[in-house]
1. Within the range 86-107, does at least one residue satisfy the condition of being at pLDDT 75 or above, in a loop (DSSP other than H, G, I, E, B) and either among the small types (Gly, Ala, Ser) or surrounded by 18 or more Cβ atoms within 10 Å (Cβ to Cβ) (or both)?
2. If I filter the range 119-131 down to residues being at pLDDT 85 or above and open to solvent by 50 Å² or more (accessible area, probe 1.4 Å), which single residue comes out as nearest to the chain's Cα centre (by Cα)?
3. Pairs under 6 Å by beta carbon, first residue assigned to a helix (DSSP H, G or I) in the range 154-176, partner open to solvent by 60 Å² or more (accessible area, probe 1.4 Å), six or more apart or different chains?
4. Take the residues of the range 108-118 that are open to solvent by 60 Å² or more (accessible area, probe 1.4 Å) and assigned to a helix (DSSP H, G or I): which is nearest to residue 147 (Cα to Cα)?
5. For the range 352-374, does any single residue satisfy the condition of being touching an Asp or Glu at 6+ places or on another chain (Cβ under 8 Å) and loosely packed, with under 15 Cβ neighbours inside 10 Å?
6. Of all helices (runs of 4 or more DSSP H) completely enclosed by the range 304-416, which ones contain at least 2 residues that are modelled with pLDDT of 90 or more and either under 40 Å from the mean Cα position of the chain (by Cα) or closer than 17 Å to residue 431 by Cα (or both)?
7. Among (1) over 30 Å from residue 87 (Cβ atoms); (2) at pLDDT below 75, which single condition is residue 186 missing?
Amino acid sequence: MSLRSRLAILFGLVALVTSAMVGAFTFRTTTTELSDSIDRFLTERVADTAEDLRDDDDDEGPSGNGDRDRTRGQTRFFEGRPVADDDAIIQVTRGSNSVRSGTIELPVPDGFDSFDDLPETSLIFEDIEIDDEPYRLVSRTYVGGAVIQVARSTVEVEAVGRALVGRFALISTFVALVAAALGWLIASRTTAPLRRLTAVASGVAATSTGGSELSVADGDAAREDEIGKLAAGFKSMLQRLEDSREQQHRLIHDAGHELRTPLTSLRMNVEMLERGVDLEGDQREEILTAIRSELVELGDLFDEMIDLATDQRDVDFRPVPVDLDDVVRSVAARWDRRSDRPIRVDSASSVVTGDPAMLERAVNNLVSNADKFSPVGTPIEIVAGGGSVSVRDAGPGIPVEDRARVFDRFHRSVTTQSMPGSGLGLSIVSQIVEVHGGTVWASESPSGGADVGFKIPMAPAD
């Protein structure tokens, strides 16, 4: 079932439940008011009938025998004055005498054996049936033993109740259908961006490309609601997929280009060894040295390509507090033992949050790059502090037009294309610094060489 259908059904159910609750409340209040109006009517009729009894006694006048005259007056009321009412059945009973409107005899209230058992001055209401017709009955005993009963049919009240139920059922059904239709329209409009994103995702899955689909998500990504955020996230994902695809193609192309040179050199040297059976010792050793150098360069290139292609830094990144001063001095000590050039360190303690091995790799690549391009015997200076590391050399420097691309994979300026190296060292530095949320730079050192470094955020103070 589609999301539109689910939302339409949900809208319809909410409307149905709401209208049903409103209908039930209205039905309850209406029927209660009608019942109360009948009870008020019956109470008024009982009072009016009691007033007639008192007026009849007063018409008899006093004779000195009050009780006997009262009894005589009540008897005259029963015998000569029939009770009539167009809206109700009225019955007045005293002893064995009774008078009523119409031909219907009203029963003794439920729970009592006779009219003599009824309590005085208490209204007793009950629902009865007379000839299968519902009535509301009230009974009251007055002083002197006269029992007044008034009954009124409740057929109209029940008919009104049934009519209300039928109307509310129709109204609830109509409201539910209208709400479901509106829900369908609203859901169709609301889920339109989701359907477009679904189409884009299906297109990406079918073609394995996302470049042409990025424009589809632009309009939805501009929204400020949840769908806009989803579209923006989806667009960002597509952009990363497209960038990753382009980087993979570029990596393969550049790697093939970089591998071609050392492989060609290796093939030529091996062919020379195969042809040169009578090579002198110095020539043979020179060729073997060249082969070993090319193999080392191929090994380094292979390791760096695997490191970049698998992109494991985001997965293995486990940040801890790291003092860049310790990292810099460790790398400087290692290069001081490895090379014949002086390594100068101007470093102060600066604690950052990062991965020690990754940061050491980044500093090591910077020093390796400086060592590669520095003249023999010239010093390399490492300046660190405030979350930044700067490695300065006395080499030819980096042309201004190449500084923006020096951290790209396999990029080499025209002046350094003949030098050994894979062209991936600074690219790895850039990737490590990016993982740490920092920035890299390449500029000119005070001595005219290159000044290459990075800066990452300091760790928050305790």
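The values are calculated or read from the model by the stated rules, or taken from the named source; none is laboratory data. What you see is a predicted model; the values in this text were computed from it and never measured. A quick note on method: Cβ atoms are made from the backbone with ideal geometry, for glycine too, and the neighbour counts reach across all protein chains shown. Accessible surface areas use protein heavy atoms only, side chains included; no ligands, DNA or RNA. Shrake-Rupley method; radii C 1.70, N 1.55, O 1.52, S 1.80 Å.
1. yes
2. Within the range 119-131, the match that is nearest to the chain's Cα centre (by Cα) is 127.
3. Short answer, once both residue conditions are applied: 164/27; 172/16; 176/16.
4. 116
5. no
6. Per the criteria, 356-373.
7. (2)
One line per residue, one yes/no per condition, for (1) modelled with pLDDT of 80 or more; (2) open to solvent by 30 Å² or more (accessible area, probe 1.4 Å); (3) touching a Leu at 6+ places or on another chain (Cβ under 6 Å):
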site: 137; (1), (2), (3): yes, no, no
site: 142; (1), (2), (3): no, yes, no
site: 156; (1), (2), (3): yes, yes, no
site: 173; (1), (2), (3): yes, yes, no
site: 200; (1), (2), (3): no, no, no
site: 210; (1), (2), (3): no, no, yes
